[in-house]
Every structure is written in structure tokens, then in C-alpha cells.
Amino acid sequence: MPPLGSPSKELDLKHEEKIVQFVSNVRNGKIDGSNNIALKMLLLLEQIISECENATALELSGLVREVGRRVCRALPQELVAANMVRRVLRAIRDEHRAVSDQNGGSAEGATESLQRLVLAAAARRGTLGSAQQDLREPLRDHIAEVRAEIESGCGAVAAMATAHVHAAELILTHGSSRLVERFLKAARKHTHYRLLLAEGPDVKESHGMALRLSLLGIPVTVISDASIAAVMSRVNKVVIGVRAVLAGGALLARAGTHALTIAAKHYSVPVIALCPLYKLSPLHACDHYGFNALDNPRTSLSYEFSESGDVHVEAPRYDLVPPDHVTLFLTNLGGSSPSYIYRLLSELYDPNDHQL
Amino acid sequence: MEIDKENVVQAVVIMDTFNNNFSPITTNSPFALLSVAGVPLIDYVLESLALGGVGETILFCCENGPKIKEYLKLKKEEKLPWSLTMDIQVLMSDTCQTMGDVMREIDAAGLVRGYFILMGVNSISNINYAVLLEQHKQTCKKDKGAAMTLVYKKVSWQHPITRSDKPIFLAADANTRKILMHKKYKAKSSDKIINLPLDIVLNHSEVKLHHNLVDANIALCSPSVPPLFSDNFDFQTRDDFIHGILINEEILASCLYYTLLKRDEYTAAVTNWKTYQVICRDIIHNWAHPLSIETGTFYQNNFVFMGNHNFRSINSTLSRSCTLTEDVLIGANAHISDNAILTKSVIGKNCVIGSNVVITGSYIMDNVTVKENCKIFNSYIEHDSLIEEKSVLEGTIIASNVNIKAESNLKGSIVESSVADKEKTLSKSTSENEWENESVNSEDDEFIGLDKEWSDSDSCYSTDSSEPTSLSDSPVPDDTNMFLQEVIDSLARGYEEKLKCDYLILEINSSRYAYNIQLNEVNFFVVKALLSIPILTETKSVLSTIKDIWKYFQPVISNYIKTKSSIMDCLRAVEDSCLKSLWLEGKAGQIIHLLYDADVVDEDSLLEWYKELQEYKSPLVGQSSVVKFFEWLQEASEESD
């Protein structure tokens, strides 16, 4: 996917160092979890924006875009980082439009429609250069808003637990996830349900989560992910965490999730995917070769065994789950079906920024 | 940001291996720049150190220092992650010939402030160094003498990585993890018996034995390590150090510990072509995560995953009809033509592979051109070489800038370009027979090619040079031979010049430490030396001379031959000398009699020894003098009864 549009911009030495630091921290696992990555990425962008000398809309968007490109090339799997870049770019555009509206009182209406989005796209890009205001101050507010949204996102999703988990239901989940854990804990406050936890590739974390939940008084049964299909007929609901939701409603989740959703579909068990808004990505599955990244094979076979020297161990990091396997996405804004994702995306990002 | 100098973790990386396992590739360019799966070794090392929480690294180069400095400068400009978090100091010294010299230099310069990590540039690992060093500090708190903690990874004994290197045998206290015995075997050694000293078992409630360890050449050291090297100038390699410490634990007041890595940690060291091959594969298979083929490029995702662990650089071009079977890595701007079949290979940057070429298990570096219809198996081709049409290479090492003529057929050879006359020639080629023998022995087809080179270096293998530390090119048997010679020399001189026996004992002891000889061997060799003093070969009346010598060296003998086991050593030495030395032929009985008279040996040991002789049918049993002596002994004992 070669980047289109503006030629790559030279970055400051200082900025470059910050990017390197961020990327190596993510790569080494010092920053983990998409929530943390999103917050740290936002912080990085904020720092870079506030240090920018000539903070016009054009200048800023070029800078942010370039940072985004670097980070995305180094971290193709971490889609939330790219999402944050898109959010900031969108904020720059909005701010710029607000400023030029004030100045010129242009014909652009207050409401957005699909038609307007399509028709106005080219025009908006063209006008990015005209205003010369310093956008840093208003952008800071925008970024603070996004940060508040990320921080409250998980809570908002968890708060919906009562509406979806009912008494005496048998819930199945896969692997460990902070968000799912929070969701299930919130559900426990109101209802009594039973939980089946299929251990993911991260066996230790899965067990840890099972332990914490059972301490709260939830009856938890840990099963191997090989036996998911066998128990699926008894399950009332499947709750999964996601790594990212793609345009069109497909989702990217921990390896093993696809097998689970296939089983759920076979038995017509509803699948609820928890995805705060920052995990929504405007990419399509075919856009990106980073999706089929391999993980360290030790999750499936220990290096100690002599077989590890002779066999291929393919340990994919993510599974791509098609949209028709998911019944409902729970975002900060409430439940939405996979076919509605496109609408959420158009609210969050500017179509010009889909490709960084 | 203020950095607390005291708490910064220091690492010392030795940039040379002091052996020629990788010659001629490493003769001109530094070993640190040897590319493993497309990335130079040094990048892996620096990245893993930075990941492992090391704050300051000292790179010690003995050869090619300027080249490494230049390379590091280049990489720093690229802003790699390690350049931001780690202080790097490059030291150069042309005089250092061994790892021991390096440590002495470090001690003299006072470079390390406290506990530090010592590793070779060939170690590839994703461990957390800071945590391990902290563990070592805890060990030191419990035991003030703890000098070094060796880092090992446990794997199955059939794993290729252990199969390709010298196996280690380790005996340790299970509770404290203190090493009690450390032994390295020769590759394909026929030794089937391991002798474990009894006191190891008696003195420790639980002893752990390990035979399936991967040595990554990483050690966690106390501040006392560099001074130990300075005090013991005969420590040349890390193995010398380990053995020296284990033998003289009381004298040096230090001891060794070991630690095993967790399941999810990877560690290995590139010591020869075979391990090179295994490690390349491991990196491509992502075992060493987060070290990967993208290390050293700031992860700019230059590689596309194509399934079956094939990776190609984004801007490489592949013909539609070429086949990548498995584990293939193709570098930037490389071109693979029609119908080429690639398996388990690494193709460098800007390479051009012609049509109908078959490449299997080979490592082709940058800017190499392989013309049509070539077949390359298990070979290593250094950068800027040209392989012309229809060549067949098998297990061949080709140095840089070599031009292989069309239709040449090379098997198990090393090809270098001679710079002098600019004409590319085949300068070194081993005999085909030897190579074929080797391939028959080798069980694993995969390795045959590079295995050859490995077997080639087998001779230096026994010299310990696989441990990337030693240069002393004296094989183990030579060591003992030299020791024997030295003992003979000092005894002969002592006898001629009538030196005091105390001095001679000192002399023998010092040579013993120099050659790292076990105590029982010393007993054996001293007696053997006594029976091989040059005067004996000249004199007519051998027996009377021996009697004189024996009398003169009485203090020396009584110093060594004290215990029952030493008496047996002595008798075995007599047996050995009598069988091997011409001048002693047929005089075994008399010599034993002399020993008996001099009260060096007692009756019981003699009888035991005689039994032993009879058991394995030594030719000595048949000798009339021996028979007579034992008859006499029997009678004498009966009489006294």
C-alpha cells in the first residue's frame, strides 16, 4: 500500500527519537494492550504538535501524517496507533473548517450527509492551506476529548453488561482480555451467570483471569480451546474482545477466535464483540499484509523439544473473523450490527485519511 | 535525564571468537558483521542488550576495530532503538590474542565498575539481562565467593542446536545451583563413560546432572572476575577459567553458579557453520522474537510473509514460475528468475538468481550473481561473487569477489580469491575422500554441506576453539604430551645439576596448572618421566641408573605418591613405560622390585595391580621378570605369615 498524496516530510531529530522510543517500547511489550498503545500514541502526537513551529492546518496535518506513516510501517499490526493518527487528522480538518467558516461564512451547512461527505471531500482538501491560524490551542482540546473518550470507553462498554448478560446464562469467552474481564465483573454485580473460559494462546493470562473472576464468586470453568465446539451447544452467549474492527464489520482478534465463532454460528449462539470506538479501523482486510503476522511459535511448541528443530510451527497472531459471524458490536455508543460499522467509521474519520 | 551511574547495567561484548571456524569469511571482514538471516550479528547483540535493560556496553575488538566503529556510526545515524538507550564504547587492542588477554586488559583499564555481563558477539538471545544480573547479585550475597553465573538453556538432547555443538556435561548442587563439575566433549566423541568424583555425591545432598544444555556464551560476572584473570595468566579462554576455578576452588576462593533460562526465552551462540545454519532457521521461524529478520532496520517492514516461512523483501522481484519451498528469505532488490527452486536458503540484497537454478540450504550474501542452470547445495557464498552457468556447488564456502567458472563442479571446498595477482583461483581444496567419508558418517542430510566445513574444523574443535575464545591451537593430547616433556626436562636438568627436589616439585606443579592437568595424571606422568629421563637411554646399566635416579628423587616421589590411588597411578605408569620404552624392555619386574624395596609401593597395591594386568591380559603378565617378581612376592608373604 504505497502512500498517496503529499510527499514524505522530513521529521525533526527529536521527533524521530520519540517515534523510535515509542515503537521499540511497543515492540518489546513495555507498552501493551491497545488501550495503552492508543493513549501513548495520542500523547506522542500531542507532544509533537505542541512543539511544532508553524502550526497551520497544512503544516500540522503533514507532520501528523508523516509520524503516522512511520509508526504504521513499524507497527503494522497495531491498528489503534493508526486510528489515533486519523482521529487527530480529523480534528485538524474540523478545526480548520470551523476557523474558515468563521472567517468566510462559507456555504457549508451545519449537518453532514453522506452526499456532502462525498462531494465535499476534494474541496476540503484543497482549502486546507488558506487559513493561517495557529491551531494548537483548539487541537489540544480535541485531543483531550479523544483521550477522555478512550479512558471512558471501556467503562462505557462494561456498563452495558447488564443489558446483555442475563441470569443463569452460560457465557463463553476466549483467552484473557482486560475489557472482557471488566465487562464480566460488571455483569456479576447484577446477575448470577456461569462462565466458560476457553484458554487462548496466552494460557497463563487466561488462567489468571479465570482465577480473578472466580474470586468474585462467578462459577468459572476453564476449558481447552480444542473443546469449544463440544460445549458450544450448551452456551447461551459468546463474549469476545477484539484487537480491531475493520471496515465492513470484519474483526481482528486473537488467534483461535475464528474457530470459536464458526462453532457459535453453527449452533446459532449469539456472538457479542466488545469494541470501544478507538478500535474501529477504516481498513479492509485485503488492504494490509500485516494481518497475517506470525507470533513466536513458543505459544504452541516449546523450543526445548527436539521437534522444534525440524518442523514448521505457524503461530498466527490474529484471526480474521468475517462480519456474518458477529451478532453485535458493543461500542461506547451502544450496540451496533456489523453492517452499521461503516456509518460509525464515517463519523470518526475523514475519508481522506483512510490511507495515511 | 540524570543517569545513576551506579545502577547502570554494564555489558562487555568480545567481538572476536579467536578461532578460525569461519575462515576465510572472517579473515578480512570482522566476525561481528557476519550476516545471520540477513542481519549482521552485532545488530542482534546490541538490540538484545538494549531490550534486556543494559545501559552501557563495552565492545572489545581485537581485529578490525575501525570497521566496526564505522559501522556503528552509520547505524547511529539511522537512529536505531539501542542508540537511544545505551552507551556504547568501542575498545580496540591488537595485542590481545585470547579472551584471557581481553579480560586482563579490561582489568588493567578498570573499565567495569561492578557486576557485569560478559558475552561474545556470537550470542543471540532474547533474555532480560538486568533481571539475570540481579539474580547473580543475590547469589553473591549468599556466597561471597561466587564469581560467575553461567547462562544455559535446557533443550532436548536431540535438538539440532545441541547436536551441532560440543555437548556439555554439568554436575551441580541442586539446591544452590553451584557448579561442581563442568566438562565439554569432543564432537562425535566415542567416550561413553562419565566419571563423577565420589566426593561430589558425598558432600551434597542432591546433585543435578545436565547433559542437554545450550551454551550461549553469556556469563554474569562479579567484579572479581577480571582480577582473577590477571592473577592467573594461564587462563586463556572461558573454559580455562571455568576449569581453573573448579580445580582450585579453595585457593582462588571463588566458585561458579549456573542458571537455566525460562521456557519462553531463547538463546544460542553461532560457533560453527552448523550452528549458523540452525540459528538462521530459528530466526526465520521467529523463535528468537523480538529479534527477527527485521532487527537493525527499525522495523520498517521490508518483508512480506508468503507462507511456509518464506519471506521476501518488498522490492524484490520474483518470477511467476519460481518456487520457494520453505524457509526462504529474499533480500531487497534481489531478482529470482524463471523456474528457480529455492529451499531453506537466504538470498542477500541485489542478488540475481538465474533461471532453472536450484538452491538448497545455502546462504548467499549481497550482490551475488548466480547464472542459469546452477545447482547450489549447503553452501555459503560471500558478497560480490559470480557463479557462472551450470556450476554445481555442494558444501562449498566461497569468499568475496570470487568468480566461479562455468560448469565447474565443487564439492566440499573453500574457495578464496587471491588478491595478489587479481586472478581468482582455487586456493584451498580438501581431498574428496575425506569429504565423502564425512558425509557417510553424517546422519542428517540437511547438514552435509556445511557439515564438511565443520568436520574440517574438527581438529580445532578438539582444541576447544569452538568456544569462541581460544587460540591456543594445541589439542588436548598435545597438552598432556607437552606437560610430560616439560616434566622430563625439569627432572633431567634437576638430576644433572643436582637441584633441590623442592624446587622441582614447584616446577612440576606450575607446569601442571599451565597445562591444566588432573592430579592423577600428574602422578602418572611424573613416574613416567622418571623412567624416561634421557640418561637412561644412553647408559649401559639401566637398572643401576634407575636405582640412582629413584634414590635422588625420593622426595619428589613421596610428594606425589602417597595415597592408594596414586600408587596405582604409579604402577600404571611403570607398566606404560615398560611397554613403550625400548630401554626398559623386559625389566619391568626389576623396576617393580626397586619400587617395592624403596617402600614406594606396598604389597596390596601390587597384588591388585597384578590382578588388573591379568584381567585385561596386558603383555606384561607374560614377561618372565614380572612373573618371577610376583612368585617371589607370594613366597615372601607366605613366609612372613
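Would you mind telling me which numbered condition in (1) more than 14 Å from every other protein chain (Cβ to nearest Cβ); (2) open to solvent by 20 Å² or more (accessible area, probe 1.4 Å); (3) part of a loop (DSSP other than H, G, I, E, B) A:C52 fails?
So A:C52 meets the others, but not (2).
With (1) in contact (Cβ under 8 Å) with a residue 24 or more places away in the chain; (2) surrounded by fewer than 16 Cβ atoms within 10 Å (Cβ to Cβ) as the list, and B:K540 as the residue in question, which single condition is left unmet?
Status for B:K540: all satisfied but (1).
Please specify each residue of the stretch B:88-103 satisfying the condition of being crowded, with 17+ Cβ neighbours inside 10 Å and more than 14 Å from B:K69 (Cβ to Cβ).
Listed by number, the residues that qualify are B:C96, B:T98, B:M99, B:G100, B:D101, B:V102, B:M103.
Taking the criterion of being within 14 Å of another protein chain (Cβ to nearest Cβ) and either touching a residue at least 40 places away in the same chain (Cβ under 8 Å) or not β-branched (V, I, T) (or both), would at least one residue in the stretch B:138-145 satisfy it? Talk me through it step by step, then tell me what you get.
Let us first name the residues in the stretch B:138-145 that are within 14 Å of another protein chain (Cβ to nearest Cβ), namely none.
Within the stretch B:138-145, none of the residues are within 14 Å of another protein chain (Cβ to nearest Cβ) and either touching a residue at least 40 places away in the same chain (Cβ under 8 Å) or not β-branched (V, I, T) (or both).
Name the residues in the stretch B:344-361 that are more than 9 Å from B:F377 (Cα to Cα), open to solvent by 10 Å² or more (accessible area, probe 1.4 Å) and among the hydroxyl-bearing types (S, T, Y), would you?
The one that is more than 9 Å from B:F377 (Cα to Cα), open to solvent by 10 Å² or more (accessible area, probe 1.4 Å) and among the hydroxyl-bearing types (S, T, Y): B:S355.
If I filter the stretch A:300-330 down to residues being in a helix (DSSP H, G or I) and surrounded by 19 or more Cβ atoms within 10 Å (Cβ to Cβ), which single residue comes out as farthest from the other protein chains (Cβ to nearest Cβ)?
At the first step, the residues of the stretch A:300-330 found to be in a helix (DSSP H, G or I) are A:306-309, A:323-325.
This time we only want the ones that are surrounded by 19 or more Cβ atoms within 10 Å (Cβ to Cβ), so: A:308-309, A:325.
Details: A:S308: 7, A:G309: 4, A:H325: 24 Å.
By that ranking, first place goes to A:H325.
Spot the failing condition for B:D502; the list is (1) open to solvent by less than 70 Å² (accessible area, probe 1.4 Å); (2) under 21 Å from B:N248 (Cβ atoms); (3) in contact with a Pro (Cβ under 8 Å, 6 or more places away or on another chain), and only one is missed.
Result: B:D502 passes all but (1).
Which members of the stretch B:312-353 meet the condition of being touching a Leu at 6+ places or on another chain (Cβ under 7 Å) and of a type in the set (K, R)?
Scanning the stretch B:312-353 gives a single hit, B:R312.
Specify the residue that is nearest to A:V239 (Cα to Cα); the eligible residues are those in the stretch A:256-299 that are in contact with a Lys or Arg (Cβ under 8 Å, 6 or more places away or on another chain) and open to solvent by 20 Å² or more (accessible area, probe 1.4 Å).
A:P270
Conditions (1) free of Cβ contacts under 8 Å to residues at least 40 places away in the same chain; (2) not polar (S, T, N, Q), marked per residue:
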site	(1), (2)
B:L228	no, yes
B:Q236	no, no
B:D240	no, yes
B:D264	yes, yes
B:Y276	no, yes
B:H289	no, yes
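From B:L484, B:L504, B:L543, which residue is assigned to a helix (DSSP H, G or I), touching a helix residue (DSSP H, G or I) at 6+ places or on another chain (Cβ under 7 Å) and within 27 Å of B:K611 (Cα to Cα)?
Values: B:L484 fails: within 27 Å of B:K611 (Cα to Cα); B:L504 fails: within 27 Å of B:K611 (Cα to Cα).
On inspection, the qualifying residue turns out to be B:L543.
Criterion first (out of contact with any His (no Cβ under 9 Å at 6 or more places or on another chain), over 17 Å from B:N122 (Cβ atoms) and free of Cβ contacts under 8 Å to residues at least 60 places away in the same chain) does B:L72 satisfy it? If you could, list the steps in order and put the result at the bottom.
Values: out of contact with any His (no Cβ under 9 Å at 6 or more places or on another chain): yes; over 17 Å from B:N122 (Cβ atoms): yes; free of Cβ contacts under 8 Å to residues at least 60 places away in the same chain: yes.
Yes.
Of the residues B:L220, B:L209, B:L170, which is outside any loop (DSSP other than H, G, I, E, B) and open to solvent by 20 Å² or more (accessible area, probe 1.4 Å)?
Working: B:L220 fails: open to solvent by 20 Å² or more (accessible area, probe 1.4 Å); B:L170 fails: open to solvent by 20 Å² or more (accessible area, probe 1.4 Å).
The conditions single out B:L209.
One residue is enough: does the stretch B:54-66 have a residue meeting the conditions within 27 Å of the chain's Cα centre (by Cα) and within 14 Å of chain A (Cβ to nearest Cβ)?
Checked the stretch B:54-66: at least one residue is within 27 Å of the chain's Cα centre (by Cα) and within 14 Å of chain A (Cβ to nearest Cβ).
Within 25 Å of the chain's Cα centre (by Cα) and open to solvent by 40 Å² or more (accessible area, probe 1.4 Å): does that describe B:H289?
On the way: within 25 Å of the chain's Cα centre (by Cα): no; open to solvent by 40 Å² or more (accessible area, probe 1.4 Å): yes.
No; evaluated as a whole, the condition is false for this residue.
Within the group B:I341, B:I404, which residue is without any contact (Cβ under 8 Å) to a residue 24 or more places away in the chain, within 25 Å of B:N286 (Cβ to Cβ) and β-branched (V, I, T)? Outline the logic, then answer.
Details: B:I404 fails: within 25 Å of B:N286 (Cβ to Cβ).
One residue alone meets the criteria, B:I341.
Step by step: first the residues of the stretch B:248-276, then only those that are open to solvent by less than 20 Å² (accessible area, probe 1.4 Å) and assigned to a helix (DSSP H, G or I), then the one that is nearest to B:N212 (Cα to Cα). Which residue is that?
The selected residue is B:T275.
Determine whether B:E63 is in a helix (DSSP H, G or I) and either within 30 Å of B:T343 (Cα to Cα) or in contact (Cβ under 8 Å) with a residue 12 or more places away in the chain (or both). Walk me through it before giving the result.
Values: in a helix (DSSP H, G or I): no; either within 30 Å of B:T343 (Cα to Cα) or in contact (Cβ under 8 Å) with a residue 12 or more places away in the chain (or both): yes.
Considered against the rule, which asks whether it is in a helix (DSSP H, G or I) and either within 30 Å of B:T343 (Cα to Cα) or in contact (Cβ under 8 Å) with a residue 12 or more places away in the chain (or both), B:E63 comes out as no.
So which residues in the stretch B:561-600 are open to solvent by 20 Å² or more (accessible area, probe 1.4 Å), among the hydroxyl-bearing types (S, T, Y) and within 40 Å of the chain's Cα centre (by Cα), if there are any at all?
B:T563, B:S565
Tell me which residues, restricted to the stretch B:1-53, are open to solvent by less than 10 Å² (accessible area, probe 1.4 Å), within 22 Å of A:S24 (Cβ to Cβ) and either at pLDDT below 85 or under 22 Å from the mean Cα position of the chain (by Cα) (or both).
Within the stretch B:1-53, B:A11, B:V13, B:A32, B:V36, B:L41, B:I42, B:Y44, B:V45 meet the criteria.
Failed condition for B:T176, given (1) more than 26 Å from B:L198 (Cβ to Cβ); (2) open to solvent by 20 Å² or more (accessible area, probe 1.4 Å); (3) of a type outside the set (D, E, K, R), with all others met?
Evaluating B:T176 over (1) more than 26 Å from B:L198 (Cβ to Cβ); (2) open to solvent by 20 Å² or more (accessible area, probe 1.4 Å); (3) of a type outside the set (D, E, K, R) leaves (1) as the failure.
If we scan the stretch B:367-378, do we find a residue that is within 14 Å of another protein chain (Cβ to nearest Cβ), under 30 Å from B:W82 (Cα atoms) and free of Cβ contacts under 8 Å to residues at least 24 places away in the same chain?
Checking the stretch B:367-378: not a single residue is within 14 Å of another protein chain (Cβ to nearest Cβ), under 30 Å from B:W82 (Cα atoms) and free of Cβ contacts under 8 Å to residues at least 24 places away in the same chain.
Among the listed residues B:L84, B:L74, identify the single one that is at pLDDT 85 or above and over 27 Å from the mean Cα position of the chain (by Cα).
Numbers: B:L84 fails: at pLDDT 85 or above.
Within the list B:L84, B:L74, the selection yields B:L74.
The values are calculated or read from the model by the stated rules, or taken from the named source; none is laboratory data. Note that the structure is predicted; figures quoted are calculated from it, not measured. Using ideal geometry, Cβ is built from the backbone for each residue, glycine included, and neighbour counts are taken over all protein chains shown. These accessible areas exclude ligands, DNA and RNA; they are computed on the full protein's heavy atoms, side chains included. Shrake-Rupley method; radii C 1.70, N 1.55, O 1.52, S 1.80 Å.
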